[in-house]
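Everything on this sheet refers to the single structure shown next.
The values are calculated or read from the model by the stated rules, or taken from the named source; none is laboratory data. In this text, all values refer to a predicted model and were calculated from it rather than measured experimentally. So basically every Cβ, Gly included, is an ideal-geometry build from the backbone, and we count neighbours across all protein chains shown. Accessible surface is based on the protein model in full, side chains and every heavy atom, while ligands, DNA and RNA are left aside. Shrake-Rupley method; radii C 1.70, N 1.55, O 1.52, S 1.80 Å.
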Amino acid sequence: QVQLVESGGGLVQAGGSLRLSCAASGNILSISAMGWYRQAPGKQRELVARITSGGSTNYADSVKGRFTISRDNAKNTVYLTMNSLKPEDTAVYYCNALKGWSDYWGQGTQVTVSS
C-alpha cells in the first residue's frame, strides 16, 4: 500500500499564497500519477491539479494561472503552490496517487482563505 501525508494548509488572506506538500511512502513503485483534489462544504470533490510520471500536468480551469503542481522525485513529494488565493479556494485539499487501478488518498488538509 501507499501512504500519503499532506501538510502546509492553513488560514490566509485573499491574494496570499500557500504551498501544500504531499509525501508518499510505503510501496511507491510504479505510481503513474499524483494529484490534488479539493472539497468545499456542500460541494463535490473536484480535481485541482495532477501530474503524471512523465511530467505532464493538467489543472482545473478555476485555478489555471494561479496554482502550480510540481514534484521532487528524490523526496517522493508532490507540491501544490497556490498564488492569488480567493475565498472560493477554501476547501479541504486531498493528495491522491494512482498506482495501477488503485487510488490512494491522504487525510486532507484544510485551506481557508479569508475575504
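Is it true that A74 is open to solvent by less than 60 Å² (accessible area, probe 1.4 Å) and out of contact with any His (no Cβ under 8 Å at 6 or more places or on another chain)? Talk me through it step by step, then tell me what you get.
Values: open to solvent by less than 60 Å² (accessible area, probe 1.4 Å): no; out of contact with any His (no Cβ under 8 Å at 6 or more places or on another chain): yes.
In short, no.
Looking only at region 1-18, which residues are open to solvent by 30 Å² or more (accessible area, probe 1.4 Å), more than 13 Å from L80 (Cβ to Cβ) and at pLDDT 95 or above? Selection gives Q3, V5, L11, Q13, A14, G15.
If you take the residues in region 19-32 that are in a strand (DSSP E or B) and open to solvent by 30 Å² or more (accessible area, probe 1.4 Å), which one is nearest to S115 (Cα to Cα)?
Taking region 19-32 first, the residues in a strand (DSSP E or B) are 19-26, 31-32.
So of that shortlist, the ones also open to solvent by 30 Å² or more (accessible area, probe 1.4 Å) come out as 19, 23, 25-26, 31-32.
Values: R19: 19, A23: 30, S25: 36, G26: 39, I31: 38, S32: 37 Å.
Here the residue is R19.
Taking (1) open to solvent by 20 Å² or more (accessible area, probe 1.4 Å); (2) in a loop (DSSP other than H, G, I, E, B) in turn, V63 satisfies each apart from (1). Selection within region 99-114: residues that are touching a strand residue (DSSP E or B) at 6+ places or on another chain (Cβ under 8 Å) and not in a strand (DSSP E or B). The member of this set that is modelled with the lowest pLDDT is G100.
Just to be sure, is A91 farther than 23 Å from S115 by Cα, of a type in the set (A, V, I, L, M, F, W, C) and either out of contact with any Ser or Thr (no Cβ under 7 Å at 6 or more places or on another chain) or open to solvent by 60 Å² or more (accessible area, probe 1.4 Å) (or both)? The answer is no for A91.
Would you call V92 part of a strand (DSSP E or B), within 18 Å of S17 (Cα to Cα) and under 13 Å from the mean Cα position of the chain (by Cα)?
Values: part of a strand (DSSP E or B): yes; within 18 Å of S17 (Cα to Cα): yes; under 13 Å from the mean Cα position of the chain (by Cα): yes.
Yes.
Taken over region 33-60, residues that are in a strand (DSSP E or B) and open to solvent by 60 Å² or more (accessible area, probe 1.4 Å) amount to 4.
Is there any pair with a first residue in region 70-98 that is modelled with pLDDT under 95 and a second that is open to solvent by 50 Å² or more (accessible area, probe 1.4 Å) whose Cβ atoms are under 8 Å apart and which are 6 or more apart or on different chains, and what are they? Between residues of region 70-98 that are modelled with pLDDT under 95 and residues that are open to solvent by 50 Å² or more (accessible area, probe 1.4 Å), the close pairs are N76/S25.
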